[in-house]
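The values are calculated or read from the model by the stated rules, or taken from the named source; none is laboratory data. Everything numeric here is computed off the predicted structure, so don't read it as measured data. When we count neighbours, we look across all protein chains shown, and the Cβ atoms used for this are built from the backbone with ideal geometry, even at glycine.
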Amino acid sequence: MEAQGALALAIGLVGLGLWTVLVRRNLVWKLLGLNVAGGGAILFLVALAHREKAGPALEGVPGPHVDPLPQALVLTAIVIHFAVLALALVYVIFLSERRHTQDVRKLEETCPTRWPES
Amino acid sequence: MKVLGGLGIVGLVVLLVWLTWSCFPLGELPPWEEATAAWGSKNAVAAIVLGARLWDTLFEVLVYALAIAGVALAAGSLGTKAVLPPLPETPLLHLAVALLLGPIGVFGLYVAVSGHLGPGGGFPAGALVGSGLLLLALARGTRGLTPGWAGGAWETGKFAVTGAILLLGLGVLVLGARGEPVLVGLNVLIALEVALGAWVVLREFAHVRGEM
Amino acid sequence: MPYAVAGILTYLVLGVVGFVVRPGWLLGLLAVAAGAATLALWAPGFPPGLLLGETWGVAVGGDRVALVFWALALVLHLAVVLHERHRTGPFHPLLTLLVGTSLACAVSQDIFNFYVVLELVSLISFILVSYESEPKAVWASLKYLVLATAGMTFYLLGLGIVYVRTGTLGLALMAERVTQGDPVLVAGVGLLVAGLAAKSGLFVLGLWLPSAHGYAPTGVSAILSGLVVKLGVLGLARLAEVFPIEGLVLALGVVTGLGGLVYALWEWDIKLFLAHHTVSQLGYVLVGLGLGGEAAWGAVLYAAAHGLFKGLLFLSAGQAIYEVGERDLDRLRGKLSLPCALALAVGTWAIVGLPPLGGFVAKAVLADHSTAGWLAVLVVLSLGTAASFARLLPHFRSAGRGTRSRGFLLLELALLTMGVWGLVTFPGARDVGEWLKSLIVVAAGYGLHRLVHRQRVQLPALTLDRSFVLLLLGTLALVAVGLASWVLL
Amino acid sequence: MGTLVLCGLAGALAVFALTRRRLLLGVIGVGAHSLALAGVYLFLSAPDVALAEASIGFGLVTFIFLLALRRSGRLVVAAVECFPLLYQEGDRPAGLEWEILARLGDRLHREVHVLWVCRGDVSGALASGEAELAAGGFLVRSDPGLRLSRPVVPTRLVEVAVGPGRRVVLAHPCCEALAQSGDLRCEEPEELARALCSGEACRAVLDLLTFRELGLKGAWPEENCAIRVLEDPLAYRFAVALDAAEVHQALEELLAELEDRGVLADLVRRYLG
């Protein structure tokens, strides 16, 4: 039951985060959404490692244990998410300074994907 | 476009719900006592992160180190630097920070050193110490905290620690070193790297003055 | 296996040391030498196995695909080091770390290891794309970052599903445990494929690629287009060895090839033009992979050849922009120096698949092992490539002597070597009919160019919001195609 | 049971955070959500992950978001050139009001960015969110679309007459209230001076500061003009956009403090004599 609840939350978080990336125009909001979606994916892995009435995978803890492998993977994933986010935020600060906006559409206008035709 | 995207998200959520629903009941788990015994650890997660899957962890350490290098590079190119002004001078804040910092440092060290015995490990420990440093910075202002220390010195130190972690990894992966001292050494080095990195990031973020 | 691991670690340690002592381009030379030495030590390959022999260890394996990727990475790295000797600062350390991580990616046989390594590769790519702090490049890098991170979220979700169903992350063990006819696994693998596709910039999931490769500094574009995007494709190839995802890969290949081609046909910025072509050539590689068997080997060879000639093209394009100060194809005409024009010519020669350079051999192997229907698709892609590259013809007339770059020379030699090696090894490549066919395709491409070159079509811009929606829809479509092909078979 | 409650809390916090309009609330909400998520991990028997999420996901991520927000915040002032209250000296702003604005920037830890505009565009800039603050001889009694600061420099409206005839009114909101049909309207003081010199108009309604400035420039003969003071005392103020309550409060506190310490009186003496 616990795992199901957490899985439902994880899927909800992924959906919510992606929705934020979709509808917001401000880059900081988009990054917040990505952060939440990434957190959802991490929770997804942890919840799938959980078993009914299981304790942490420590020696000396009796009874059934959770799967330690996904938890180990998730530790890595959390750090990677933080690293990418820090880089993204400093780019946002850079663009705010040079382009004076954090709005995606204005940024697209000032940096056209296509080179102007001669 | 947004309607299409919304439909896409709804579709993905439905798909994920169907997938997870059909995953139950979850399968049996493999025993992990072997792994902990092989690495001299009581915590299976630590045995995997620092032992069996050390290869991944080395790249993770590099991800962290390079993200910090990237932040420093991008922030350095901004040019306009202004120092984060300290919060209003209140003796209470100074006192609180002075009182908190010692315990945070000790707790961080404990979390790092005991990471293979119970919950903990290098990354959370480093992040804890990094946050403690930030509190200090907020109370005293970044300039007051690092008189005469160029930003480059911190980064150099961080890369030296990263190199040490990689060399230790070489010892484990190629030469076959293992056991409790390896785990403790890795955890402490990682904690040091993360704390230094967190400090560099927070410093850069505090120094860069962006505009809206 | 220890040799490969030691080689990768040496590469990484050298990269990290470079941040502390800054030896400039010598660092790159040192790293390439170390890499070449370890490559020679493990050269025929080693069987897949778990690092440290642990239950949960990371699976690595060295097969001929890994061998090709190592060789490509080392040659490209050497060429870029020779070309970008003037760079100081953290450029060479970053490049060394990027190539070292790519080496690790080539031997990885573990889906989570793939995730970590790809994240590191793209993290360094973000930094390198925005290395010169041009707002345009930073924005391109940020777009890359958002789309790649969203894609990797899908990858993690798929990884969870696949792990639950098979109980392992290593591909070798997974192949034993895969139960045919498991729709959940099919959908999970679909999510993995979507994540990899977003990461390697395939149409329509990873539309960040043209702007990121187009606005990056020259040497970085060469490495990104030549090596980095193919790592995601390599992941697809590894997955295809375990799961039946041929249908997905073929569909991705056709869409990617045609999409990239259409954008390239009406692009006038020289670097963006080359970047769009990277996309279309990825489609070529994917079609080969989807056909499987020896055709997949041809696809791997084509990936390597493409790495060489696209590296050459990007380096010469960068040189041209540096010399003339213009990016527009029309305005560059007749102003290039001799080595630059020559490099552009050799690259074009290779990309349109004329003998005896590297591109022709790979195309011949691919054509030899594909069925008639898919051969038609490949010919259409080649035709489009020839038609769009016909625009470069007037640029081959040089305006002066200029400075020589050793990077050009190295890549030209590598292309020639690969071509000669192919002619000796594959009987199919010595066939006069094949030579004639490739000539006819190029001639027809030139004719097509005369037909379309006056049209100026404005295609929709690849904005962040649009790309994100397409990523969502593309992921869903991939999973749907996977499930549909499962139902049909 | 505890897991489900915490899951609900984490989900609710995420929804709360991502549906806010203000970024600051969003960031703080996501931080709280991360903390709740760490609790969920604890209940799922993943203490290592919980610790990592609490220290990295909650600690570091929230910190960098907050710092990024703080650093990308800029106080944009819609400014009208008005000597000696606010004017350009070289390419830097200067003047009495600028001294106050600089102090306000320090107090809010935000960089003050001056956007030079015409007087007619001020209210538009405030309403659209382009600027949070307007300065430069702003003269309004009350306006439902704005928050006004307390008086900064007292002044009055005057009518100058060099002879009988047509009247010209400076396009301040206050002066315009006195305009009658047939009066000319002028956006800029120079325009008004030109109208007087050319004889197009013979009487002018304007504020004291503009009167002094134009008088110094010799816009009208000092000796034979009649000056009539109109209406009640007025004052130059700052105008703050409606949704910038924080800025308004800081400004009020700052002005009260400056008045108490006599700094404001000093400034007025120094700039206006």
Here are some residues: C:Val21, C:Val13. Which one is more than 26 Å from the chain's Cα centre (by Cα) and without any contact (Cβ under 8 Å) to a residue 60 or more places away in the chain?
-> C:Val21
Taking the condition more than 7 Å from every other protein chain (Cβ to nearest Cβ), surrounded by 21 or more Cβ atoms within 10 Å (Cβ to Cβ), of a type outside the set (Phe, Trp, Tyr) and out of contact with any strand residue (DSSP E or B) (no Cβ under 8 Å at 6 or more places or on another chain), does A:Leu31 pass?
-> yes
From the options D:Ala50, D:Ala36, residue that is more than 9 Å from chain B (Cβ to nearest Cβ) and either within 24 Å of A:Phe94 (Cβ to Cβ) or not in a strand (DSSP E or B) (or both) | D:Ala36
Tell me the helices (runs of 4 or more DSSP H) entirely within the range B:1-90 that contain at least 2 residues that are more than 7 Å from every other protein chain (Cβ to nearest Cβ), at pLDDT below 90 and surrounded by fewer than 24 Cβ atoms within 10 Å (Cβ to Cβ).
-> B:33-39, B:54-78
Search the range C:168-194 for residues being in contact with a helix residue (DSSP H, G or I) (Cβ under 7 Å, 6 or more places away or on another chain) and not in a helix (DSSP H, G or I), and hand back the single one that is nearest to C:Cys105 (Cα to Cα).
-> C:Leu169
Return yes when D:Gly11 is at pLDDT 85 or above, under 30 Å from D:Ala239 (Cα atoms), in a helix (DSSP H, G or I) and within 7 Å of another protein chain (Cβ to nearest Cβ) and no when it is not.
-> no
Please state which one of B:Gly152, B:Gly132, B:Gly176 is surrounded by 20 or more Cβ atoms within 10 Å (Cβ to Cβ), of a type outside the set (D, E, K, R) and modelled with pLDDT under 85.
-> B:Gly132
Could you please let me know if D:Glu187 is in contact (Cβ under 8 Å) with a residue 40 or more places away in the chain, under 30 Å from D:Cys225 (Cα atoms) and exposed (fewer than 15 other Cβ atoms within 10 Å of the Cβ)?
-> yes
Subset of the range C:154-193 that is closer than 14 Å to B:Leu15 by Cβ and facing another protein chain (nearest Cβ under 7 Å) - its residue that is surrounded by the fewest Cβ atoms within 10 Å (Cβ to Cβ) = C:Val184
Only one of (1) buried (at least 24 other Cβ atoms within 10 Å of the Cβ); (2) more than 25 Å from C:Arg404 (Cα to Cα); (3) among the β-branched types (Val, Ile, Thr) fails for C:Thr96. Which number is that?
-> (2)
Answer yes or no: is there a residue in the range A:13-23 that is at the interface with chain B (Cβ under 7 Å from one of its Cβ atoms), touching a strand residue (DSSP E or B) at 6+ places or on another chain (Cβ under 9 Å), surrounded by fewer than 24 Cβ atoms within 10 Å (Cβ to Cβ) and closer than 23 Å to D:Gly8 by Cα.
-> no
Of the residues in the range C:133-149, those that are hydrophobic (A, V, I, L, M, F, W, C) and farther than 16 Å from C:Ala198 by Cβ come to C:Ala137, C:Val138, C:Trp139
Candidate set: the range C:121-138, residues that are part of a helix (DSSP H, G or I) and in contact (Cβ under 8 Å) with a residue 40 or more places away in the chain; chosen: the one farthest from B:Leu66 (Cα to Cα) = C:Lys136
Would you check which residues across the range C:471-489 are away from chain B (no Cβ under 14 Å) and of a type in the set (Ser, Thr, Tyr) and list them?
-> C:Ser485
Looking at (1) within 20 Å of C:Val228 (Cα to Cα); (2) at pLDDT below 90; (3) more than 7 Å from every other protein chain (Cβ to nearest Cβ), which is the only condition C:Pro90 fails?
-> (3)
Checked against (1) closer than 28 Å to C:Pro394 by Cα; (2) touching a residue at least 40 places away in the same chain (Cβ under 8 Å), C:Leu483 satisfies every condition except (1)
Looking at C:Ala362, C:Ala387, C:Ala414, which is the one that is of a type outside the set (Phe, Trp, Tyr), at pLDDT 80 or above and closer than 24 Å to C:Val249 by Cβ?
-> C:Ala362
Could you please tell me which pairs satisfy a Cβ distance under 6 Å, a separation of 6+ or placement on different chains, a first residue in the range D:32-51 that is in the same structural domain as D:Ala17 (by TED's automatic domain parsing), and a second residue that is crowded, with 24+ Cβ neighbours inside 10 Å and among the aromatic types (Phe, Trp, Tyr)?
-> D:Val49/D:Tyr41; D:Ala50/D:Tyr41
What residue, of D:Leu85, D:Leu75, D:Leu60, is surrounded by 23 or more Cβ atoms within 10 Å (Cβ to Cβ), farther than 16 Å from A:Leu9 by Cα and within 14 Å of chain B (Cβ to nearest Cβ)?
-> D:Leu60
In the range B:27-39, is there at least one residue being under 18 Å from B:Val172 (Cβ atoms) and aromatic (Phe, Trp, Tyr)?
-> yes
Among the residues of the range C:37-57 satisfying the criterion of being surrounded by 17 or more Cβ atoms within 10 Å (Cβ to Cβ) and at pLDDT 90 or above, which is nearest to B:Ala153 (Cα to Cα)?
-> C:Thr38
Given (1) farther than 30 Å from A:Leu7 by Cα; (2) more than 8 Å from every other protein chain (Cβ to nearest Cβ), index of the condition C:Ala140 fails = (2)
